[in-house]
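Novice: Handing you a structure now.
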Amino acid sequence: MVASRIRWCQNLLNRFNNYNVEDGRYEQRTRWIRSITDYQLDDNTQLRNTFYHYDGQRDYRNLEVYRYNSDNSAIARSGGYRQRHDQEVNGDRIELTHQAQLFGLASDWALGVDYNTNQQTNYPLSKGAFDTIDPDGFEPGHFLDIPGMDAPRTKDRSTWTDTSSAFVENRTRLTEQLALITALRYDHIDFEIVDHAAQARLDKRWDAITGRLGLVYDLTSNVSLYTQYGTSAEPP
């Protein structure tokens, strides 16, 4: 009875062990660049152009699945998984802002256009059973010890998303502390996906009009309360 309780306590503690391989990892390398050009048209009107570029590569490798055997004396490890994401985003945004009056109330406007392209390719690899270990003492091993995990990377799926947008936003001061926020946005989305393994391609296009309506209340110069209702659109 005592031995059974000791074993039960050991199993409970073992649930918090890390049974992954020694060199499991998630890492990413990114480059995020913006170039902003401002032009002051007059005291109340400003034009801004923002070019942006993102380039990222994310790598993930892990041993995912750990299961006790029937008498809880050993753990079977399986589910080796390797993934790489290559992604690049390029875009340009032109925005005009104007400070004005609306029915005698301070009213700030922003309107503009935005175009961006987003391309991503993934390279997944997964394997089944690896080994069986003693949870009370084991060597975690290395990721490349998993059979097949040294295979060359192959493309699975690539996606391209081109988005053209136009937007208008307004903030009107109803009182010294309360402001009304409104916005409308139009998006034209071109989406393409290529399944390299199946040699299949899919093209889709969407047009969407979205918006938001909100209130901002300034409690102090540093603290505000904000509530809004909004809609959005993005590719599946």
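Computed from the coordinates by the stated procedures, all read-outs in this text should not be read as laboratory data. Just so it is clear, the model here is predicted, and its values are computed rather than measured. Neighbour counts are summed over all protein chains in view; Cβ atoms, including those assigned to glycine, are modelled from backbone coordinates with ideal geometry.
Novice: Report ³J(HN,Hα) in whole Hz for each residue of the stretch 101-114, in order, from the Karplus equation J = 6.51 cos²θ - 1.76 cosθ + 1.60 where θ = phi - 60°; Gly and Pro get x.
Specialist: 10, 10, 6, x, 9, 4, 9, 9, 10, 9, 9, x, 10, 9
Novice: If you average the C-alpha positions of the stretch 41-76 and of the stretch 119-173 separately, how far apart do those two centres end up, in angstrom?
Specialist: Cα centroid to Cα centroid, the span is 9 Å.
Novice: Within the stretch 157-236, report the GluC sites (Glu not before Pro) that DSSP leaves as loop and that have at most 14 other Cβ atoms within 10 Å.
Specialist: Of the GluC sites (Glu not before Pro), the ones in loops of the stretch 157-236 whose Cβ has at most 14 other Cβ atoms within 10 Å are GLU176.
Novice: Another question about this same structure. Return the long-range amide H neighbours of LEU174 (sequence gap of 5 or more, or a different chain), with a cut-off of under 5 Å between placed amide H atoms.
Specialist: Amide H to amide H, under 5 Å and 5 or more residues apart or across chains, LEU174 pairs with ALA179, LEU180.
Novice: Let me spell out the model: positive unit charges on the Cβ of Lys and Arg, negative unit charges on the Cβ of Asp and Glu, origin at the Cα centre of the chain. What dipole size does that give, in debye rounded to 20?
Specialist: Values: 26 positive and 34 negative charges, 133 e Å.
Around 640 debye, computed over the chain.
Novice: If you take the charge dipole of the chain about its Cα centre, with +1 on Lys and Arg Cβ and -1 on Asp and Glu Cβ, which of SER35, PHE103, TYR19 is farthest toward its positive end?
Specialist: TYR19
Novice: What is the dipole size for the stretch 106-222, taken about its Cα centre, with +1 at each Lys and Arg Cβ and -1 at each Asp and Glu Cβ, in debye to the nearest 20? All intermediate terms of the calculation are to be shown ahead of the outcome.
Specialist: Numbers: 11 positive and 19 negative charges, 124 e Å.
Here the size comes out at about 600 debye.
Novice: Here is a further query. Mind ranking 42-53, 222-233 by how tightly packed they are, going by the mean number of other C-beta atoms within 10 angstrom, highest first? If you can, show how the numbers build up before the last one.
Specialist: Details: 42-53: 13.6, 222-233: 10.4.
Packing order, densest peptide first, comes out as 42-53, 222-233.
Novice: Arranged by the count of other C-beta atoms within 10 angstrom, fewest first, what order do THR161, THR132, THR175 take? Mind showing how you got there, number by number?
Specialist: Values: THR161 18, THR132 14, THR175 9.
So the ranking, lowest neighbour count to highest, is THR175, THR132, THR161.
Novice: Next up: Compute the acute angle (0 to 90°) between the alpha-carbon long axis of helix 2-14 and the principal axis of greatest extent of the alpha-carbon atoms of the chain; round to the nearest 10°.
Specialist: 40
Novice: Ok, one more. Charges on Cβ only, +1 for Lys and Arg, -1 for Asp and Glu, centred on the Cα centroid of the stretch 2-230; of ILE94, ALA208, GLY148, which one is farthest towards the dipole's positive end?
Specialist: GLY148
Novice: Taking θ = phi - 60°, what integer Hz values does the Karplus form 6.51 cos²θ - 1.76 cosθ + 1.60 yield along the stretch 197-202, in sequence order, with x for Gly and Pro?
Specialist: Here the 3J(HN,Hα) series is 5, 8, 6, 10, 9, 9 Hz.
Novice: Per-residue ellipticity at 222 nm for the chain, helices alone: DSSP H runs ≥ 4 residues times -39500 (n - 2.57), over residue total, nearest 500 deg cm²/dmol?
Specialist: On the way: 1 runs with 13 residues, N = 236.
Result for the chain, helices only: -1500 deg cm²/dmol.
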